[in-house]
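**Q** So that we are looking at the same thing, I have put the structure below in structure tokens.
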Amino acid sequence: MLNEICALTIKVKDIQESLYFYSELLGFQVSKYYGESIVSLQHKDLPIILEKANDLHLPPKGNVLPALVSEKLDEDIQALREKGVTVIFDEPKPCPPGRYTVIEDPTGNQIEILEFSK
């Protein structure tokens, strides 16, 4: 059966710029380099793969939205803004499991940041 996701690949325009974003700004650690255009980031059981792609649609037209968990959404949003990260919403939005916002990586890929209700 094909019912287990083994990796999440994020297509990026510049591998070094994106590696800085995901490692230095978001805190992911590099697991492995696969040449100059593919990097695997450590992430529990589901590795995140950054892959340089020359055929990107800008802004990306994908319908997949990865989400990161936040314990303190307001503090995380402030810290990301101070680091120059593009935060889409002025204020977090409510959602069924709690609150969220959306940020963009250097390529324009959107990432949701979700704080679950206590």
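Every number in this text was worked out from the coordinates using simple rules, so none of it is lab data. Because the structure is predicted, anything quoted here is derived from the model rather than measured.
**Q** So for the chain: antiparallel DSSP bridges make up what percent, rounded to the nearest 5?
**A** Of all bridge pairs located within the chain, approximately 70 percent are antiparallel.
**Q** Rounded to a whole number of µm²/s, how large is the Stokes-Einstein D of the stretch 64-118 at 10 °C and 1.306 mPa s, given Rh as the Kirkwood radius over C-alpha pairs?
**A** This corresponds to a translational diffusion coefficient of 141 µm²/s.
**Q** Still on this structure: Give me P(r) over the stretch 1-54, computed from all C-alpha to C-alpha distances, binned every 5 Å, as integer percentages.
**A** Bins of 5 Å from zero give 5, 21, 31, 24, 11, 6, 2, 0 percent of pairs.
**Q** What length, rounded to one decimal in nm, is gained on full extension from Gln42 through to Asp74, with 0.36 nm per residue of separation minus their alpha-carbon distance?
**A** Residue separation times 0.36 nm, minus the Cα-Cα distance, leaves 9.0 nm.
**Q** Right, here's the next one. Regarding the chain, what is the average projected area of its C-alpha convex hull, in nm²?
**A** That works out to 8.6 nm², a quarter of the Cα hull's surface.
**Q** When the helix-only estimate is applied to the chain (DSSP H runs of n ≥ 4, each -39,500 (n - 2.57), divided by the residue count), what is the mean residue ellipticity at 222 nm, nearest 500 deg cm²/dmol?
**A** Counting only the DSSP helices, I get -3500 deg cm²/dmol.
**Q** Something else about it: Most fluctuating residue of Leu50, Leu41, Leu68 in a GNM of the chain with Cα springs under 10 Å: which is it?
**A** Of the options given, Leu68 has the highest mean-square fluctuation.
**Q** Right, here's the next one. Relative to the longest principal Cα axis of the chain, at what angle does helix 73-82 sit, 0 to 90 degrees, rounded to 10?
**A** 60
**Q** Taking 8 Å as the Cα distance limit and 6 or more residues as the minimum spacing, I'd like the relative contact order of the chain as a percentage.
**A** 24
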